[in-house]
1. Which number in (1) in a loop (DSSP other than H, G, I, E, B); (2) within 16 Å of ligand 1 (Cβ to nearest atom) marks the one condition that GLY200 misses?
2. Under 6 Å between Cβ atoms, at least 6 apart or on separate chains: pull out the pairs that start in the stretch 318-339 with a residue that is under 18 Å from VAL297 (Cα atoms) and at pLDDT 95 or above and end on any residue that is assigned to a strand (DSSP E or B) and of a type in the set (Val, Ile, Thr).
3. Of all the helices (runs of 4 or more DSSP H) wholly in the stretch 223-294, which have at least 2 residues that are surrounded by 14 or more Cβ atoms within 10 Å (Cβ to Cβ), among the hydrophobic types (A, V, I, L, M, F, W, C) and in contact with a strand residue (DSSP E or B) (Cβ under 6 Å, 6 or more places away or on another chain)?
4. From the list LEU273, LEU252, exactly one residue is more than 16 Å from ligand 3 (Cβ to nearest atom) and at pLDDT 95 or above. Which is it?
5. State which residue is farthest from ligand 2 (Cβ to nearest atom) when the search covers only the stretch 232-263 and only residues that are under 21 Å from GLN325 (Cα atoms) and polar (S, T, N, Q).
6. Give the residue, chosen from LEU74, LEU62, that is over 22 Å from ARG113 (Cβ atoms) and at pLDDT 95 or above.
7. Which one is surrounded by the most Cβ atoms within 10 Å (Cβ to Cβ) among residues in the stretch 320-350 that are charged (D, E, K, R) and part of a loop (DSSP other than H, G, I, E, B)?
8. Spot the failing condition for ASP298; the list is (1) at pLDDT below 95; (2) buried (at least 17 other Cβ atoms within 10 Å of the Cβ); (3) charged (D, E, K, R), and only one is missed.
Amino acid sequence: MGASVAILRLPGLIDAHVHLREPGGEAKEDMTSGSAAALAGGVTLVLDMPNTTPPVVDGAMLARKQRLARQKALCDIGFYLGATGSNADEAASLAGQAVGLKIYLDQTYGPLRIQDLAALLAHFRAWPATRPIAVHAEGLMMAVAIGLARSFGRRLHLCHVSRAAEIALIRAAKESGAALTCEVTPHHLFLSQADARRLGPYGSMRPPLATAADVAALWANLEAVDCIATDHAPHTRAEKEGDSPPPGVPGLETMLPLLLTAVAEGRLTLERLVALTCIAPRRIFGLPDQPDTWVEVDPDARYTLSDEGLHTRCGWTPFAGMRVQGRVRRVILRGQTAFEDGQVRVRPGVGQVVGLRTRQC
Ligand code: DOR
Ligand code: ZN
Ligand code: ZN
């Protein structure tokens, strides 16, 4: 018998920002490989972004994604709808089946970007005030998004806040009563421009890694942050090493070990970790409870993050080489062992789709 380990039980994590890539990007990831990576990271519910090929911008594509998830997912999934220059009314009519509307205000990866004020107004007018509008809005665009949300009385969720000036703006907006929430990614909390130089294309994403002072500002203002979400954005090694590497890094499998390490170092309490990765995203996106669902971690396990043994199809992590403390041992989803000691234990199809319209009889 080995020494007994004190196992810590956490609720299943909710990652409000992932790119599972299916359909159209299956060489990078699909619903099964991406949800396996989620389970390996202690994540039992992911919210999937609409910038697939084709993008999720109408009822037919949303239904196709829901069908794929029901067949292939190993954890629960909710879907965002993507905003285009012409789909404001259709998107709003589908709000009950989506976790939110996603608006890209900057150029990132894929075709979804809105640069036209009239189109933005149409979305902020049509989208129901009860559901969040999530934005990719960097720097000045963040101020634009906050202004629009205030003008139309809409709920705004700011994705991947990464700069000192952005978190300062968010503090000020919240203090003046704005109905907004925000997320930060593990890569913007644990990596900086110094790592970007070392990582080359494997450290490139939108928003890009920031200065050490920006990273310090995120940590210093963590009470103004609502949730931590990975922006899991896998791309193949061949793409990353090609002529125009696409932006994005995977993150599902490394978020919890990194955050548990911060807890071990006294930079975060366990209670706050649970609030940031489960309670807040559930509240913001109105997500259902997952009964009999939890994660067992060994909080004392010390190891080095590595590209070996990852479940994401892309097969690499920008955190390789980092020493962490805290390992996912087992994930229970609705009473079933879904993941244990590095292996997925359930079949594709056990994941449920959030907001799925149930068949009327
Ligand atoms: O780095 C990024 N990658 N940022 C985004 O906004 C999109 C994402 C992707 O889909 O690859
Ligand atoms: Zn983004
Ligand atoms: Zn993203």
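1. In the conditions (1) in a loop (DSSP other than H, G, I, E, B); (2) within 16 Å of ligand 1 (Cβ to nearest atom), GLY200 misses (1) alone.
2. Within 6 Å, the pairs are ARG323/THR304; GLY326/VAL297; VAL328/VAL297; VAL331/VAL295; LEU333/THR44; ALA338/VAL331; PHE339/VAL331.
3. Details: elements: 237-240, 255-264, 270-274, 280-285.
In the stretch 223-294, the matching helices (runs of 4 or more DSSP H) lie at 255-264, 280-285.
4. Working: LEU252 fails: more than 16 Å from ligand 3 (Cβ to nearest atom).
Going through LEU273, LEU252 in turn, just one is more than 16 Å from ligand 3 (Cβ to nearest atom) and at pLDDT 95 or above: LEU273.
5. By that ranking, first place goes to THR261.
6. Numbers: LEU62 fails: over 22 Å from ARG113 (Cβ atoms).
On inspection, the qualifying residue turns out to be LEU74.
7. First, the residues of the stretch 320-350 that are charged (D, E, K, R): 323, 327, 329-330, 334, 340-341, 345, 347.
From what is left, the residues that are part of a loop (DSSP other than H, G, I, E, B) are 334, 341, 345, 347.
Details: ARG334: 15, ASP341: 9, ARG345: 17, ARG347: 9.
So, considering only residues that are charged (D, E, K, R) and part of a loop (DSSP other than H, G, I, E, B), the one surrounded by the most Cβ atoms within 10 Å (Cβ to Cβ) is ARG345.
8. Every condition holds for ASP298 apart from (1).
The values are calculated or read from the model by the stated rules, or taken from the named source; none is laboratory data. None of the values given here were measured: they were computed from a predicted structure. Neighbour counts run over all protein chains shown; Cβ positions are idealised from the backbone, glycine included.
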